[in-house]
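Input: a single structure, listed below in structure tokens.
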Amino acid sequence: MRVRGYAPATPCWSVLSSGDAAAATRFYCELFGWTAEPAEDGTTTFLLHGLAVAGLAPAPGGRAAWLTYVSTEDVEATAALVTAAGGTVLQPPADLAGRGRAALFVDPASAVFGAWQRGRFAGAQVANESFAICWSETVTRDIAGAAEFYGKVFGWTEQQGTAVEEHEYHEWISTNRVVGGMSPMGEQYPPETPQHWRTIFAIDDCAGFVARAQELGGRVLAGPIDAGIGFAAQVMDPTGGMFLAIDMLPELRDLLG
């Protein structure tokens, strides 16, 4: 689905931070059918149908991770709210060659996320279709703490999710719209797993997808599993970046579109 802009306090852009940009580019382009458009600053924009779908930033020596950016009308004001709410500014607001202003933060549970103030670029230009991002969620051991923090920063409230009644799930609400989710970390997560933001991609044929991911050097951490809203798999790319992929039930995909 073509996206032309994002309301404030909405996840709008995801960037893979990776220590091996070349290997990451090969993997995702072959897995998702993306093309890569490198920029002079060393970053890369991944394209689907010629439209920006996700980003890549080199991080030599760093741990690979997908990072979620949330739209804001004033990134400096957002940074102040993060600090006041008990979070930390990891990278202060900076101008990105007129494309926008961005900053990276760490919430009190050590999950990293960003804020994006649009310039020429508003965020992902395609979403909620196969091989594009369809959802972003906080994965945390402290639901109440996360709800308090993000409520202060973005004005979000949280409600119990209703899509899968047998699993606990929470949804982020901004001005009466569901904009993302919050998943509790249960016993299925090893104690050393850090709390984080998770990027989720829509796919077709989960079994075929995980087989292809393995052929390309990825590691399947879980799945395919019946997630109640479709079959899903958690995958680690060859550089260590983790993401979730889901072949969503048709009726739910229609709602997203």
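The values are calculated or read from the model by the stated rules, or taken from the named source; none is laboratory data. Source: prediction; values computed, not measured. Here Cβ is always computed from backbone atoms with ideal geometry, including for glycine, and neighbour counts include all displayed protein chains.
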**Request:** Return the total of residues in the stretch 1-56 being more than 16 Å from Ile203 (Cβ to Cβ), in contact with a Pro (Cβ under 7 Å, 6 or more places away or on another chain) and either of a type in the set (A, V, I, L, M, F, W, C) or loosely packed, with under 15 Cβ neighbours inside 10 Å (or both).
**Result:** 3
**Request:** Among the residues of the stretch 68-85, write down those that are surrounded by 14 or more Cβ atoms within 10 Å (Cβ to Cβ) and touching a residue at least 60 places away in the same chain (Cβ under 8 Å).
**Result:** Thr68, Val70, Ser71, Thr72, Thr78, Leu81, Val82, Ala85
**Asked** Taking Val153 and the conditions (1) assigned by TED's automatic domain parsing to the domain that holds Leu81; (2) buried (at least 17 other Cβ atoms within 10 Å of the Cβ); (3) at pLDDT 95 or above; (4) aliphatic (A, V, I, L, M), which numbered condition does it fall short on, given that it satisfies the others?
**Response** (1)
**Scope the stretch 108-124; condition in a loop (DSSP other than H, G, I, E, B) and over 18 Å from Gln195 (Cα atoms); matching residues** = Gly119, Arg120, Phe121, Ala122, Gly123, Ala124
**Prompt:** When you go through (1) within 26 Å of Gly5 (Cα to Cα); (2) within 17 Å of the chain's Cα centre (by Cα); (3) in a loop (DSSP other than H, G, I, E, B); (4) not charged (D, E, K, R) one by one for Leu104, which number turns out not to apply?
**Reply:** (3)
**Item:** Selection status of Phe201, among the hydrophobic types (A, V, I, L, M, F, W, C), in the same structural domain as Asp226 (by TED's automatic domain parsing) and not in a strand (DSSP E or B)
**Value:** no
**Message:** If I ask for residues that are out of contact with any Ser or Thr (no Cβ under 8 Å at 6 or more places or on another chain), closer than 18 Å to Thr10 by Cβ and part of a loop (DSSP other than H, G, I, E, B), which ones from the stretch 23-82 would you list?
**Reply:** Glu73, Asp74
**Asked** Give me the pairs: first residue in the stretch 139-157 and within 14 Å of Gly181 (Cα to Cα), second residue part of a strand (DSSP E or B) and among the charged types (D, E, K, R), beta-carbon distance under 9 Å, and six or more apart or on different chains, which are they?
**Response** Val139/Arg198; Ile143/Glu158; Ala146/Glu158; Ala147/Glu158; Tyr150/Glu158; Gly151/Glu158
**Message:** Just to be sure I understand the filter: pairs with C-beta atoms under 6 Å, separated by 6 or more residues or on different chains, first member in the stretch 34-46 and at positive phi, second member outside any loop (DSSP other than H, G, I, E, B). Which pairs pass?
**Reply:** Gly42/Pro58
